[in-house]
1. For segment 384-401, enumerate the residues that are touching a residue at least 60 places away in the same chain (Cβ under 8 Å), open to solvent by 10 Å² or more (accessible area, probe 1.4 Å) and touching a helix residue (DSSP H, G or I) at 6+ places or on another chain (Cβ under 6 Å).
2. Can you tell me which residue within segment 276-331, out of those that are outside any helix (DSSP H, G or I) and modelled with pLDDT under 95, is nearest to L350 (Cα to Cα)?
3. I'd like the full set of residues that are buried (at least 21 other Cβ atoms within 10 Å of the Cβ) and either at positive phi or without any contact (Cβ under 8 Å) to a residue 40 or more places away in the chain (or both), limited to segment 142-172.
4. Select from segment 23-41 the residues that are open to solvent by 10 Å² or more (accessible area, probe 1.4 Å) and without any contact (Cβ under 8 Å) to a residue 40 or more places away in the chain and write down the one among them that is nearest to D65 (Cα to Cα).
5. If you take the residues of segment 94-141 that are β-branched (V, I, T) and either open to solvent by 10 Å² or more (accessible area, probe 1.4 Å) or not in a strand (DSSP E or B) (or both), which of them is farthest from V36 (Cα to Cα)?
6. If the requirement is being of a type in the set (D, E) and in contact with a Pro (Cβ under 9 Å, 6 or more places away or on another chain), which of these qualifies: D194, D176?
7. Please pick out the residue among T68, T139 that is in contact with a strand residue (DSSP E or B) (Cβ under 7 Å, 6 or more places away or on another chain) and among the polar types (S, T, N, Q).
8. With the requirement that a residue be open to solvent by less than 30 Å² (accessible area, probe 1.4 Å), touching a residue at least 24 places away in the same chain (Cβ under 8 Å), small (G, A, S) and farther than 15 Å from V387 by Cα, what does segment 294-324 give you?
Amino acid sequence: MTLFGTIRAPRELIFGSGQRNALGKVAVKLGKRALVVTDERLADDAEFRAMVAQLEAEGLSVRVDGSTLPDVPVETAIASAKAAQDFAPDLVIGVGGGSCLDMAKCVAVLLTYGGTPQDYYGEFMVPGPVMPLIAVPTTAGTGSEVTPVAVLSDSERQLKVGISSPHIIPTVSICDPDLTLTCPPSLTAIAGADALTHAIEAFTAIRRAPTPGLAQERVFVGKNATSDHFALRAIGLIWEGLEAAFTDGANAEARAKVMMGATLAGLAFGVAGTAAAHAIQYPVGALTNTAHGAGVACLMPYVMAWNAPEIGAELDQIARTIGLKSSAEVIPAMAALFGRIGIPHTLRDLGLAEEKIYWVAEQSCGIARLIQNNPRPLPPEDMRRLVGAAFYGELAVLETN
C-alpha cells in the first residue's frame with residue numbers, strides 16, 4: 001500500500017476545560033466587528049453572555065444573531081446574512097451545536113461572496129477564502145468545528161443539502177468540554193452516536209488510488225493514512241466515554257473524551273468522507289423528521305454488516321482498539337452500545353412507514369457522493385435489501401450475504 005494522507009483542519013485548534021475563556025484573545029487578532037451566530041436558547045445562556053462580554057472587553061463591536069433553527073433551513077441563512085449587512089462584520093463566530101456552526105459557515109460565505117446558499121451546493125463551489133470564522137461547539141457530535149461542510153435543509157428539494165469546501169473550515173476552533181456538561185442525556189446520546197458513526201464510516205470508507213491531484217478533485221478522498229489515525233483514536237475515545245457521559249452528565253472526564261472523539265472524527269471524515277449510513281439517513285430523516293445522529297447510528301450496524309466482507313482488517317483494528325477479542329464481536333458490541341443509550345434499533349422504530357422502503361432505497365442510491373464512498377458497492381437491488389433489513393431488524397440476513 002502506498003502511504004498517502006490528507007489533512008484539512010482549522011489554522012488553530014484549542015481544546016480543553018476552560019478554553020472558552022480564550023475567545024476574546026483569539027477574536028481580537030482576527031477582526032474588529034464580530035457577528036456571533038447562535039440559537040435562541042443559547043443567546044440567553046449565562047456562559048454565552050460571558051463569552052460575548054469577553055469580546056466586548058477586548059474592544060470588539062458585537063452583534064448577536066440568535067436565529068439559528070435546527071437543520072438550518074436555507075431561508076434562515078439568507079435572512080441572517082441580509083440582516084447583518086448593515087453591521088458589516090469582518091468576523092463570524094459560531095457558538096452552539098452543529099446547526100449553529102453550519103449556520104455561521106453559510107453566513108460567512110454569503111457575507112463574503114453574496115448570492116444564496118444554492119449557489120454553493122456541492123463540492124468546491126465556494127470561490128475562495130471566506131472572512132475569518134471561529135467555531136465554539138457546545139455539543140460533542142457533528143465535528144463541524146473542523147470540517148469543510150455546512151449542511152442545510154432545502155424545502156424545495158425536501159432533503160438536506162451540503163456546501164463542501166475547504167474554504168469554510170473555521171479559522172480557529174475552541175473546543176471546551178465544560179460547555180457540554182449541561183447537555184441532556186438524549187442529546188448527549190444522539191450527538192455522540194453521530195460522532196461514532198462519523199469515525200466508523202471514515203475508517204471503513206473506500207480507499208482510492210492516490211493519484212496526484214486527488215485532493216483537488218474531491219473534497220472527500222476516501223480513507224487514508226492520516227484520516228485513519230484520527231478515526232481510530234476517535235472510535236476509542238467515544239467508546240470509552242459515551243455511555244458514561246450519557247449516564248452521568250457531570251462526568252467531566254467522560255465529557256472530554258467524547259468531545260475530543262467528536263473533533264477527531266470530524267478531522268477524519270472531513271477528508272475521508274462518510275458513506276452508506278449517511279446516504280440512507282438523508283431520505284429517512286426527511287420522511288421521519290428524526291434526529292440525524294439517531295438515524296445514522298440506527299443504520300450503522302446494518303451498514304457495517306453489509307460492508308463486512310470488505311472491511312475485515314478495519315474490524316480487526318476496531319476490535320483491538322475497544323478491547324474486544326475478535327472482529328466478530330464489533331458489530332454486536334456497537335449495536336448494544338447504541339441500544340443502551342437509547343438509539344432506535346430499526347428504521348421502523350424511527351417511524352419510517354413500510355411502504356417507503358423502496359423509495360428510501362431509490363433516493364439513497366441517488367446520493368452518489370456518499371454511495372461511491374462505501375467500501376462495498378450498493379446497486380439498487382442490494383440497497384433495497386439493506387434498507388429492508390434495517391427496517392425489519394434483520395441483521396443476520398446481511399451477515400449471510
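The values are calculated or read from the model by the stated rules, or taken from the named source; none is laboratory data. Please read all numbers here as calculations on a predicted model, not as lab measurements. With ideal geometry, Cβ positions are generated from the backbone for all residues, glycine too; neighbour counts draw on all protein chains shown. For accessibility, only protein heavy atoms count, side chains too; no ligands or nucleic acids. Shrake-Rupley method; radii C 1.70, N 1.55, O 1.52, S 1.80 Å.
1. Residues of segment 384-401 that are touching a residue at least 60 places away in the same chain (Cβ under 8 Å), as a first pass: 386-387, 389-390, 395, 398-399, 401.
Add one more test, that the residue is open to solvent by 10 Å² or more (accessible area, probe 1.4 Å), and what stays is 395, 399, 401.
Answer for segment 384-401, where residues must be touching a residue at least 60 places away in the same chain (Cβ under 8 Å), open to solvent by 10 Å² or more (accessible area, probe 1.4 Å) and touching a helix residue (DSSP H, G or I) at 6+ places or on another chain (Cβ under 6 Å): L395, E399.
2. For segment 276-331, the residue satisfying everything is T290.
3. G143, the sole residue that qualifies.
4. E40
5. Residue satisfying both the conditions and the ranking: V126.
6. D176
7. T68
8. Residue satisfying the conditions is A294 alone.
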